[in-house]
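The values are calculated or read from the model by the stated rules, or taken from the named source; none is laboratory data. Every value quoted in this text rests on a predicted model; they were computed, and no experiment measured them. No Cβ is skipped: glycine too gets one built from the backbone with ideal geometry, and neighbour counts run over all protein chains shown. These accessible areas exclude ligands, DNA and RNA; they are computed on the full protein's heavy atoms, side chains included. Shrake-Rupley method; radii C 1.70, N 1.55, O 1.52, S 1.80 Å.
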Amino acid sequence: MQASLEALLCTLSQEEFFTYYKNGEPFALHNLEGPLSELVELPFLNSFDNLIKFWPDSVNAYLPGINDEVNSQQVKKETARELFKEGKGLFFDDPNRFNEVIDKWLKAIHRDLGLSELTYSRSLIYAIAKDQGTSTHFDQNINFVLQISGTKKWWLAKNEMVTNPMSRYTIGADMEPELESYLEGDIPKGMPRNATEIELKPGSLLFLPRGVWHKTIATSDAISLNFTFTAPTWIDLLTSFLRAKLAQSPSWRGTADFVNDPSRSLESIDQFDLLLSELKENINQLSAQDILGATEYIPR
Ligand SMILES: [Fe+2]
């Protein structure tokens, strides 16, 4: 089967999809097990036992406490089997390393979203025992969730605390200082009251944009396949371009000497100002095409 974003979304047009995408609005489609049979019917995903038998690597298991990847540990697959029986949630990193079909879809979605070459594309399998789930959090990535087996309830809510977060955050866990520096609203105590509830069944596809609050509970033992994309921001594109450019200059590569030496700090300020004045002249001539031309496809 030809893998593409269009094929993944089946009934939803590209135009409708990109409206949701640009507005950062989640949506779910259902009954896609026929059109997406290539993924939904992958033999190693049709039962937890087959998944464990097939899986050639270690597995991540949620630890007691917050059900979140910040509170997880890598275990051998034999241990993971026991933990799942005890009701622990598991996730399996990057199955595209071991399966060509998943790899093909991961690459196709990346391509059709038109994301930067610098994007971190990741596939993940979640195996969540009945009545387990993930704690309330948001992610920095763009996420497509395909429910393979079992059923899972999701609660989704708009993020009033921050727009375009550059890192993930789980309520109750530590927050990255950078994220804390640009919060626009209060940190909620739990899932916002106006959250939308949806249930994913085998063949359901959820699109989860960056930053949307979510939590889940599996209503039966459940396996899902995720495709996530952490794309660079404009900040990332500019700073990596500047770094690459400035790295060509012996002066910019110089050690930032004496910045904490009271008797010599004026000397270091003068030196740094000189570098900045050269940079300002060069930045005036900088265009988006110059920056994008370093890594991306751009029409000429
Ligand atoms: Fe998440």
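Side notes on the structure shown:
- Note on the range 247-278: residues that are in contact (Cβ under 8 Å) with a residue 24 or more places away in the chain and either in contact with a Pro (Cβ under 7 Å, 6 or more places away or on another chain) or not small (Gly, Ala, Ser) (or both) amount to 1.
- Hits in the range 4-60 (condition: touching an Asp or Glu at 6+ places or on another chain (Cβ under 8 Å), hydrophobic (A, V, I, L, M, F, W, C) and over 15 Å from residue 125 (Cβ atoms)): 5
- Any hit, the range 148-158, residues being crowded, with 20+ Cβ neighbours inside 10 Å, in a helix (DSSP H, G or I) and away from the ligand (no atom under 16 Å from the Cβ): no
- Leading residue by the ranking (surrounded by the fewest Cβ atoms within 10 Å (Cβ to Cβ)) among those in the range 159-186 that are free of Cβ contacts under 8 Å to residues at least 40 places away in the same chain and among the polar types (S, T, N, Q): 181
- Single residue of the range 2-25 satisfying the filter (at negative phi and in a loop (DSSP other than H, G, I, E, B)) that is most open to solvent (accessible area, probe 1.4 Å): 2
- Here residue 77 meets the list (1) in contact with a strand residue (DSSP E or B) (Cβ under 7 Å, 6 or more places away or on another chain); (2) surrounded by fewer than 17 Cβ atoms within 10 Å (Cβ to Cβ) almost entirely, failing just condition (2).
- Some residue of the range 86-102 being open to solvent by 20 Å² or more (accessible area, probe 1.4 Å) and at pLDDT below 95: yes
- For the range 35-58, a residue qualifies if it is of a type in the set (Gly, Ala, Ser) and open to solvent by 50 Å² or more (accessible area, probe 1.4 Å), but none of them does.
- Candidate set from the range 122-134 (those that are of a type outside the set (Lys, Arg) and open to solvent by 30 Å² or more (accessible area, probe 1.4 Å)); member that is nearest to the ligand (Cβ to nearest atom): 126
- Qualifying residue in the range 65-87 (condition: under 17 Å from residue 149 (Cβ atoms), aromatic (Phe, Trp, Tyr) and either in the same structural domain as residue 201 (by TED's automatic domain parsing) or assigned to a helix (DSSP H, G or I) (or both)): yes
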